[in-house]
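These notes are about the structure you will find just below.
The values are calculated or read from the model by the stated rules, or taken from the named source; none is laboratory data. Computed from a prediction, not measured in an experiment: that's the story for all the values here. Don't worry about glycine lacking a Cβ; one is built from the backbone with ideal geometry, like all the others, and counts go over all protein chains shown. Just so you know, the surface numbers come from the protein's heavy atoms only, side chains and all, with ligands and any DNA or RNA stripped out. Shrake-Rupley method; radii C 1.70, N 1.55, O 1.52, S 1.80 Å.
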Amino acid sequence: MTTHSRSTGFVLGAATVAMGLIAGVYYIFACCVMPALARSDDRVYVEVMRNINDVIQNPVFFLSFMGALLLTAVSSWQLRGQPYRWWVWAALAAYALGFLTTMAFNIPLNNDLAYMTDPTAAREHFEDPWVAWNVVRAVLSTVALACLARALVQYGRVTSSTSQRRSEQISPSGV
């Protein structure tokens, strides 16, 4: 059974924050960005999506995109002996599926969009599948976030009760 340490709580907390950031990105695309772009003509739609695909490739996004996966994996290893480890493992599985969705579907569609010359054909090829796969990864990353949040709450309860027992053992009774 692993021990509770500050690094264990920090990694679980950081994984939860990173997952929240990623889930938020996919959510905002599903609820706002793509519906707004749907109102645009083909040329504007393709130009804006190409611009988004260019600027999203930056260290800050990469840190949260990869960080959510890596931090959740490290946390699942650190908490391997805890009864709530299943929540972290479920989060890892859900985000791994969302990550693979991004790699297998969204990124190839982004790459196709970058090289297609006819805006109408590019949009027809890109829009519906990209939006659908984005919803899949939004749902999966939100499920992962909920699982990590549940694990974090349980981690806090266990850590709090352990700290309370230690302080009761240290302080003399009746004082």
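Odds and ends about this structure:
- Temperature 37 °C, viscosity 0.692 mPa s: under these conditions the Stokes-Einstein estimate for segment 64-144, based on its Kirkwood radius over C-alpha pairs, is 234 µm² per second.
- Label-point separation, Phe62 to Ala96 (7 Å along Cα→Cβ), nm: 2.4 nm
- On the beta carbon distance between Asp118 and Trp86, with R0 = 45 Å, the FRET formula returns roughly 0.35.
- The label point for Ser7 and the one for Arg43, both projected 7 Å from the Cα toward the Cβ, are 5.7 nm apart.
- In summary, the convex hull built on the alpha carbon positions of segment 1-124 has an orientation-averaged projected area of 8.3 nm².
- Computed lengthening from His125 to Asn51, 0.36 nm per intervening residue step minus Cα-Cα distance: 24.9 nm
- Length-normalised contact order for the chain - Cα pairs under 8 Å, 6+ apart - percent: 37 percent
- Here the extension length gained between Asn111 and Val158 equals 12.3 nm, from 0.36 nm per residue of separation less the Cα-Cα distance.
- Spatial separation of Cα centroids for segment 107-154 and segment 30-54, in angstrom: 13 Å
- Dipole of the chain computed with +1 at Lys/Arg Cβ and -1 at Asp/Glu Cβ about the Cα centre; of Cys32, Thr72, Ala104, farthest Cα towards the positive end is Thr72.
- Rolling a 1.4 Å probe over the heavy atoms of the protein chains gives the chain an accessible area of 57 Å² per residue.
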